[in-house]
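Okay, structure first, notes after.
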Amino acid sequence: MPVVLQANALVDPTDPIAARFLKLAVSSDDLITLINRGSDYCEGYANRPLKKRTFTAIRLGRQTEPRLRPLATPIDTTQTVTLTFDEIALPVWRTGADGFRRDFEVLVGSDTPGEPSYFRRACGWWSSDEEPIQLTFTGGLATIPGDLQQACLLVCQTLQRQEKGASEVQSYGQGPVSQSVTYRADSLIPMWSKQVLDRYRVVPL
């Protein structure tokens with residue numbers, strides 16, 4: 001049974017450059033498996049979804065802050081947004097095509113112009129229920145930037161090397177009693193990948 005590419009895959013397995021970099025056949029099961037694992041690893045480090053996809057009926061916790069910030073951004077305002085609070089459906093304004101903002105209880109807003117990033121409700125999101133919010137929306141990066149693709153490929157390469165039992169020792173040197181050992185800085189995640197992913201990372205409070 002062929003391996004299925006996950007919805008969060010950051011690299012296209014049909015890309016010959018990616019296949020050549022990892023020394024695997026284009027669209028092969030091994031390549032897809034590696035991309036799936038590397039993408040999971042990148043999203044796990046970033047603490048957020050990266051690639052755009054639809055999230056259905058997810059539950060979110062209560063808060064007093066008026067701006068509700070989903071982890072998957074930017075929010076796709078061309079797609080349907082369904083939001084309920086304490087089991088009551090709330091009308092959501094996405095763009096000017098929806099009509100007057102004043103007629104809606106929830107507004108989609110942006111910290112950076114053109115990149116919708118939050119749902120604003122003036123009276124906040126506090127409730128006796130710990131998870132009063134249920135949200136269906138589409139969010140994440142529609143196009144994966146080249147640096148993020150490369151970061152994922154380097155993570156895949158590291159996973160590949162570890163599977164083959166390659167040493168993570170960078171070098172040996174002479175010590176006063178015995179040889180000193182220098183370990184690779186990227187034994188868990190390549191340093192360049194870390195620097196790229198840090199730009200997308202959400203740090204839990």
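Just a few scattered comments:
- Candidate lysines for bridging to Lys51, where Cα separation is under 21 Å - those fewer than 8 sequence places away on the same chain excluded: Lys194
- The packing ranking, built from the mean of other Cβ atoms within 10 Å per residue, places the peptides 97-109, 69-81 in the order 69-81, 97-109, highest first.
- By average C-beta atoms within 10 angstrom, highest first, the peptides 126-132, 147-153, 113-119: 147-153, 113-119, 126-132
- At an R0 of 45 angstrom, the distance between the Cβ atoms of Trp192 and Asp86 translates into a FRET efficiency of 0.45.
- Of all lysines in the structure, those lying under 17 Å Cα to Cα from Lys164, and not within fewer than 8 positions of it along the same chain, are Lys23.
- In the chain, the inverse of the mean reciprocal separation of distinct Cα atoms equals 19.6 Å; this is its Kirkwood hydrodynamic radius.
- D_trans [Stokes-Einstein, Kirkwood Rh over alpha-carbon pairs] for segment 1-47, 4 °C, 1.567 mPa s, µm² s⁻¹: 121
- Once C-alpha pairs closer than 8 Å and six or more residues apart are averaged by separation and normalised to the residue number of segment 1-63, the relative contact order reads 36 percent.
- Full-stretch length increase - Arg101, Thr56 - with 0.36 nm per residue and alpha-carbon distance subtracted: 13.7 nm
- Hz values of 3J(HN,Hα) by residue in segment 105-111 - Karplus curve (6.51, -1.76, 1.60), Gly and Pro given as x: 7, 10, 10, 7, x, 10, 6
- Taking the convex hull of Cα positions in segment 53-139, its mean projected area over all directions (nm²): 5.3
Since every read-out is calculated from the coordinates, none of them should be taken as a lab result. If you're wondering where the values come from, they're calculated on a predicted model, not measured in any experiment. Methodologically, a virtual Cβ is constructed for each residue, glycine included, from the backbone with ideal geometry; neighbour enumeration extends over all protein chains shown.
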